[in-house]
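In what follows, a structure is listed as structure tokens, so that the remarks can point back to it.
The values are calculated or read from the model by the stated rules, or taken from the named source; none is laboratory data. Note that the coordinates shown come from a computational prediction; the quantities given were computed from them, not determined experimentally. Counting neighbours? That spans all protein chains shown, and the Cβs are built from the backbone with ideal geometry, glycine included.
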């Protein structure tokens, strides 16, 4: 377990992504994955109030609902770190945050959210209002800590400055996209996270499935809702990254996915990459990275290829 930034939250090295729950993983498979993750020592679960609103007939909150049903059968709630989000539509006004929190708590069937993210930045609402609302939730025990997601370095720094000046809860974690293919995080946000003692909890750790190695030039078609996005990465850059991953994975007798996650976990400020699994078998492959240690030259090889 590792501390999440300056918070008192101890988290497992793999944050289990809940975006697939209620989408590509039905309730039965989702509950099985959650059981297997907890049995392996996992305690850090990520979701959002909009998961899976993109599915026809869904309105959002399906993932939270499944996690809530799972939580009801457990006696270790206090050992779990449940993270969810509000403001996907860039609305972080007081009313929107309070309504979102109440709905998430109801779906999760819990009395508190351990880590509550601002899902997207809201340029129209002052941080004094947004963070002031999070302060209300923290003070009455409904939220333990605040996080930010999809924030630029400049806006994250501004939020931290205002939180310190006004005595409001400051974000303890940043959830931005970061992986071997997409490394914008290194050019700005990483420095703010490091200088303020935050934790990075990157999403798309496997680049929408591309870094599992399933997508290859001339390879067989993959039946996945994410296939189109993954195939878009199959350019000269992506092929070079796969070649480096193959080499390192072969040296360790490991999967490409576990090596990609091990590289990410070894980067400065990263505490727990987020990755999701539709089945227990997929989860086992992801968990393997938590016991995989890459040599400095292997990390350099992967970084250079990317």
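Taking segment 62-84, which residues are in contact with a helix residue (DSSP H, G or I) (Cβ under 8 Å, 6 or more places away or on another chain), crowded, with 24+ Cβ neighbours inside 10 Å and more than 17 Å from residue 283 (Cβ to Cβ)?
Listed by number, the residues that qualify are 64, 82, 84.
Could you grab me the full set of residues in segment 192-206 that are in a helix (DSSP H, G or I) and either touching a helix residue (DSSP H, G or I) at 6+ places or on another chain (Cβ under 7 Å) or touching a residue at least 40 places away in the same chain (Cβ under 8 Å) (or both)? Break it down into steps so the answer makes sense when it comes.
Step one: list which residues in segment 192-206 are in a helix (DSSP H, G or I), which gives 192-195.
Result: 192, 193, 194.
Checking residue 240 against (1) outside any helix (DSSP H, G or I); (2) modelled with pLDDT under 95; (3) over 22 Å from residue 176 (Cα atoms), which test does it fail?
The single condition residue 240 does not satisfy is (1).
So how many residues does segment 25-63 have that are part of a helix (DSSP H, G or I) and over 18 Å from the mean Cα position of the chain (by Cα)? Spell out the reasoning first.
So the first thing to find is which residues in segment 25-63 are part of a helix (DSSP H, G or I), and the list is 27-39, 62-63.
If we keep only those that are over 18 Å from the mean Cα position of the chain (by Cα) as well, we get 27-29, 31-32, 35-36, 39.
Number of matching residues: 8.
For the list (1) at pLDDT 95 or above; (2) surrounded by 15 or more Cβ atoms within 10 Å (Cβ to Cβ), I need the number of the one condition that residue 297 fails.
(2)
Filter segment 102-130 for residues that are under 21 Å from the mean Cα position of the chain (by Cα) and part of a helix (DSSP H, G or I); which is surrounded by the most Cβ atoms within 10 Å (Cβ to Cβ)?
Here the residue is 108.
Counting only residues that are in contact with a strand residue (DSSP E or B) (Cβ under 9 Å, 6 or more places away or on another chain) and part of a helix (DSSP H, G or I), which one in segment 160-190 is surrounded by the fewest Cβ atoms within 10 Å (Cβ to Cβ)?
Once the filter is applied, the top-ranked residue is 184.
Among (1) under 27 Å from residue 300 (Cβ atoms); (2) under 20 Å from the mean Cα position of the chain (by Cα); (3) at pLDDT below 95, which single condition is residue 179 missing?
(3)
Within segment 85-101, which residues are out of contact with any helix residue (DSSP H, G or I) (no Cβ under 6 Å at 6 or more places or on another chain) and part of a strand (DSSP E or B)?
Going through segment 85-101, the residues out of contact with any helix residue (DSSP H, G or I) (no Cβ under 6 Å at 6 or more places or on another chain) turn out to be 85, 87-91, 93, 95-96, 98-100.
Across segment 85-101, the qualifying residue is only 85.
Quick check on segment 1-24: of everything there that is within 13 Å of residue 70 (Cβ to Cβ) and in a loop (DSSP other than H, G, I, E, B), which residue is nearest to the chain's Cα centre (by Cα)?
Taking segment 1-24 as the starting set, the residues that turn out to be within 13 Å of residue 70 (Cβ to Cβ) are 16, 18, 21-22.
If we keep only those that are in a loop (DSSP other than H, G, I, E, B) too, we end up with 18, 22.
Values: 18: 9, 22: 17 Å.
Across segment 1-24, the extreme among qualifying residues is 18.
Among residues belonging to segment 266-285 that are under 30 Å from residue 195 (Cα atoms) and in contact with a helix residue (DSSP H, G or I) (Cβ under 7 Å, 6 or more places away or on another chain), point out the one that is surrounded by the fewest Cβ atoms within 10 Å (Cβ to Cβ). Outline the logic, then answer.
Filtering segment 266-285 down to residues under 30 Å from residue 195 (Cα atoms) leaves 266-276.
So of that shortlist, the ones also in contact with a helix residue (DSSP H, G or I) (Cβ under 7 Å, 6 or more places away or on another chain) come out as 266, 268-270, 273, 275.
Details: 266: 16, 268: 10, 269: 22, 270: 20, 273: 27, 275: 30.
Once the filter is applied, the top-ranked residue is 268.
Name the residues in segment 131-157 that are without any contact (Cβ under 8 Å) to a residue 24 or more places away in the chain and either closer than 17 Å to residue 49 by Cβ or assigned to a loop (DSSP other than H, G, I, E, B) (or both), would you?
Answer for segment 131-157, where residues must be without any contact (Cβ under 8 Å) to a residue 24 or more places away in the chain and either closer than 17 Å to residue 49 by Cβ or assigned to a loop (DSSP other than H, G, I, E, B) (or both): just 140.
Inspect segment 36-50 for any residue being modelled with pLDDT under 95, within 19 Å of residue 277 (Cβ to Cβ), out of contact with any strand residue (DSSP E or B) (no Cβ under 6 Å at 6 or more places or on another chain) and surrounded by fewer than 24 Cβ atoms within 10 Å (Cβ to Cβ) and give the result as yes or no. Please lay out each step first, then the result.
Of all residues in segment 36-50, those modelled with pLDDT under 95 come to none.
No, every residue in segment 36-50 fails to be modelled with pLDDT under 95, within 19 Å of residue 277 (Cβ to Cβ), out of contact with any strand residue (DSSP E or B) (no Cβ under 6 Å at 6 or more places or on another chain) and surrounded by fewer than 24 Cβ atoms within 10 Å (Cβ to Cβ).
Report the residue count in segment 243-265 for those that are buried (at least 16 other Cβ atoms within 10 Å of the Cβ) and not in a helix (DSSP H, G or I). Break it down into steps so the answer makes sense when it comes.
Step one: filter segment 243-265 for residues buried (at least 16 other Cβ atoms within 10 Å of the Cβ), giving 244-245, 248-249, 252, 254-265.
Next, from what is left, pick out any that are not in a helix (DSSP H, G or I): 254-255.
Result for segment 243-265: 2.
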